[in-house]
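*Asks:* Pasting in a structure now, in structure tokens, and then I'll have a few things to ask.
The values are calculated or read from the model by the stated rules, or taken from the named source; none is laboratory data. The structure presented is a predicted model; accordingly, all values stated were derived computationally and were not measured. Positions of Cβ are backbone-derived with ideal geometry, glycine not excepted, and every protein chain shown enters the neighbour counts. The protein model used for the area step is the full one, side chains on, heavy atoms only, and it has no ligands, DNA or RNA in it. Shrake-Rupley method; radii C 1.70, N 1.55, O 1.52, S 1.80 Å.
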Amino acid sequence: MAYSDVARASFASEIETIKGKGLYKEKRFIRSPQDAEITVEYPEGAAEEKVLNFCANNYLGLSSHPEVIAAAHEGLDSRGYGMSSVRFICGTQDIHRELQDRLTDFLGTEDTLLFPSCMDANAGVFEAILGPEDVIIADRLIHASLVDGIRLCSAQYDTFKHMNMKHLEKKLQLHQDKRHRLVVTDGVFSMDGDLFPLDEAVALCESYDAMILLDDSHATGVIGKTGRGVHEHFGVVGKIDVITTTLGKALGGASGGCVAGRKELVELCRQKARPYLFSNSLSPVITAASIKVLDIITKTTERRDKLEANTKYFREKITAAGLNVRPGETPIVPVMLYNAKLASDMARDMYAEGIYVIGFSFPVVPNGQARIRVQLSAAHEFGHIERCVVAFAKVGDSYGIL
Ligand SMILES: *Cc1c(COP(=O)(O)O)cnc(C)c1O
């Protein structure tokens, strides 16, 4: 057998193993812009259908907003399509600087550096600022991109139990002999919708001379009275050493991310962070549209307020319908099913009812914690939410779980 056939057989067998465990991710094609209602081709080759979308990170409904699209066109016309360069060679335009300054204002930090994505921001930040004499102390449920970024850096690594401040304090005490301590957490955890108790963590960091890194990707634009994030919600704006976040969720949903924080720390990233040095600049189209997004959400909190109202409405209605949701206040609402097959069967039946949601099971969530994760958007109307709840009640009833 040719070696290429040996390799092919080995990969094919691994794919079969994934399928055998019920973890295979099917292809799904959307044939419309991202919105509350989308046109979907699923399964592949099937006739397209209109469904209500309850699984996008389009929290503020800005992904296809006419003013954002117009700003993207304007950016294309005035600054071109691509930069064909990394930032530090010839890939930084005036609008990149403007967007960085606007993010600095919005996030309440001293400086901001754009990256191609938040995954890239997380891949670059740790190695740029920490060395072997330092320690990272991370919440046990941090996002995969933070885990990967931490792997790329030579600092020592320790964890604390999810959102457990007593345990964090113990770990901070344990690591007083290190040069720098950096506590790392998500602001909103994407699978549970939990809000990290940032005010308590900041107080601990102050008592034990530690820095804190907040990945606020699911919170920027959404959480806090004016949508600045989890630090606004807990009244600790200005006290976060470094925030990483994405432009790929609430802030228009195209792509891009940033490291925002203390001036010298951001400057070190500008000098050393590898995805900043070795990956291409954010397109002028996205850069210009992102500035417009910040215009829109700083002028009025209408969208973030509507999202909050939609979230309350959904949480009340779905609970009244007899489904078991994880309590909380974020627009991530896990409908708990505890069984992987049930989660994927129910998601399939929900699709037949015109509601697009996805079941999550191990290893994305712990074993025995399977669920359908519902995400609300300011693009939803109460009528959409009612249809989603009615479908959950019907499908849930058919499986006898109400
Ligand atoms: C989505 C997400 C990311 C990745 O953001 P991209 O800009 O899409 O790379 C990073 N961290 C967290 C916590 C996220 O939820």
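*Asks:* Take Leu195, Leu99 and sort them by solvent-accessible surface of the protein heavy atoms, 1.4 Å probe, largest at the top.
*Replies:* Values: Leu195 30, Leu99 0 Å².
Final ranking, largest accessible area leading: Leu195, Leu99.
*Asks:* For region 135-175, build the charge dipole from Cβ charges (+1 Lys, Arg; -1 Asp, Glu) around the Cα centre, then report which of Gln156, His143, His167 sits farthest towards its positive end.
*Replies:* With unit charges placed on the Cβ atoms, the residue in question is His167.
*Asks:* I'd like the accessible area for Phe360, computed on protein heavy atoms only with a 1.4 Å probe and all protein chains in place. Round to 10 Å², please.
*Replies:* Rounded to the nearest 10, the figure is 40 Å².
*Asks:* Stretch Ser154-Thr300 to full length: gain in nm at 0.36 nm per residue minus the Cα-Cα span? Don't skip to the answer; put the middle values down first.
*Replies:* Values: separation 146, 0.36 × 146 = 52.56 nm, distance 4.33 nm.
Length gained, Ser154 through Thr300: 48.2 nm.
*Asks:* Let me ask something else. Label Val6 and Lys25 with points 7 Å out from Cα along Cα→Cβ: what is the distance between them in nm?
*Replies:* 3.0 nm
*Asks:* Ranked from the most accessible area to the least, with a 1.4 Å probe and all protein chains present, what is the order of Thr301, Thr17? Could the numbers behind the result be given before it?
*Replies:* Numbers: Thr301 45, Thr17 70 Å².
The residues order as Thr17, Thr301, largest area first.
*Asks:* On to the next question. At a 10 angstrom cut-off on C-beta neighbours, averaged per residue, how do the peptides 196-204, 162-170 rank from highest to lowest?
*Replies:* On the way: 196-204: 19.6, 162-170: 15.9.
The peptides rank, most packed first, as 196-204, 162-170.
*Asks:* Fully extended, how many nm does the chain gain between Asn367 and Lys263 (0.36 nm per residue separation, minus their Cα-Cα distance)? Walk me through the numbers on the way to the answer.
*Replies:* Working: separation 104, 0.36 × 104 = 37.44 nm, distance 4.19 nm.
Full extension of this stretch gives 33.3 nm more.
*Asks:* Given the protein chains as shown and a 1.4 Å probe, how many square angstrom of Glu14 are accessible, to the nearest 10?
*Replies:* 110 Å²
*Asks:* Could you work out how much longer the chain between Tyr313 and Lys161 gets when fully extended? Use 0.36 nm per residue separation minus the Cα distance between them, nm to one decimal.
*Replies:* Values: separation 152, 0.36 × 152 = 54.72 nm, distance 3.16 nm.
Computed gain between Tyr313 and Lys161 is 51.6 nm.
*Asks:* Could you name the lysines whose alpha carbon sits less than 24 Å from that of Lys292, not counting residues in the same chain fewer than 8 places away?
*Replies:* Filter leaves Lys225, Lys249, Lys306.
*Asks:* Now for a separate question. PRE reach from Glu74 (point 7 Å along Cα→Cβ): which of region 271-297 fall under 11 Å by backbone N?
*Replies:* 288-293, 295-296, by backbone N distance to the label point.
*Asks:* Related question: On the full set of protein chains, 1.4 Å probe, figure out the accessible area of Lys312 and give it in Å² to the nearest 10.
*Replies:* Result for Lys312: roughly 120 Å² accessible.
*Asks:* Could you work out what % of the accessible surface of the chain is carbon and sulfur, using a 1.4 angstrom probe and leaving DNA, RNA and ligands out of the count?
*Replies:* Details: 9530 of 18160 Å².
About 52 percent, which is the carbon plus sulfur part of the accessible surface.
*Asks:* Starting from the 7 Å offset along Cα-to-Cβ, what nm value, one decimal, do you get for the label separation of Cys55 and Thr39?
*Replies:* Placing both labels 7 Å along Cα→Cβ, they lie 2.1 nm apart.
*Asks:* Compute the long axis of helix 94-107 from its Cα atoms, compare it with the longest principal axis of the Cα atoms of the chain, and write down the angle in degrees, 0 to 90, nearest 10.
*Replies:* Orientation of helix 94-107: about 80 degrees from the principal axis.
*Asks:* Would you calculate a helix-derived [θ] at 222 nm for the chain, using -39,500 (n - 2.57) for each DSSP H run of n ≥ 4 and dividing by the full residue count, to the nearest 500?
*Replies:* Working: 15 runs with 174 residues, N = 402.
Result for the chain, helices only: -13500 deg cm²/dmol.
*Asks:* Take every DSSP beta bridge with both residues inside the chain and express the antiparallel ones as a percent of the total, to the nearest 5. Before the final figure, lay out the partial values.
*Replies:* Details: 27 of 46 bridges.
Rounded to the nearest five, the antiparallel share is 60 percent.
*Asks:* Provide the per residue accessible area, probe 1.4 Å, for the chain, rounded to a whole number of square angstrom. Could you put the intermediate results ahead of the total?
*Replies:* Details: 18160 Å² over 402 residues.
Counting only protein heavy atoms, the per-residue value for the chain is 45 Å².
*Asks:* On to the next question. From the protein chains alone at 1.4 Å, what is the descending order of accessible area for Tyr157, Tyr399, Tyr356, largest first? Display every interim value, and only then the final one.
*Replies:* On the way: Tyr157 110, Tyr399 75, Tyr356 20 Å².
Sorted descending by solvent-accessible area, the residues read Tyr157, Tyr399, Tyr356.
*Asks:* What ranking, highest mean first, results for peptides 285-298, 68-81 when packing means the other Cβ atoms within 10 Å averaged over each residue?
*Replies:* Values: 285-298: 21.9, 68-81: 15.9.
Packing order, densest peptide first, comes out as 285-298, 68-81.
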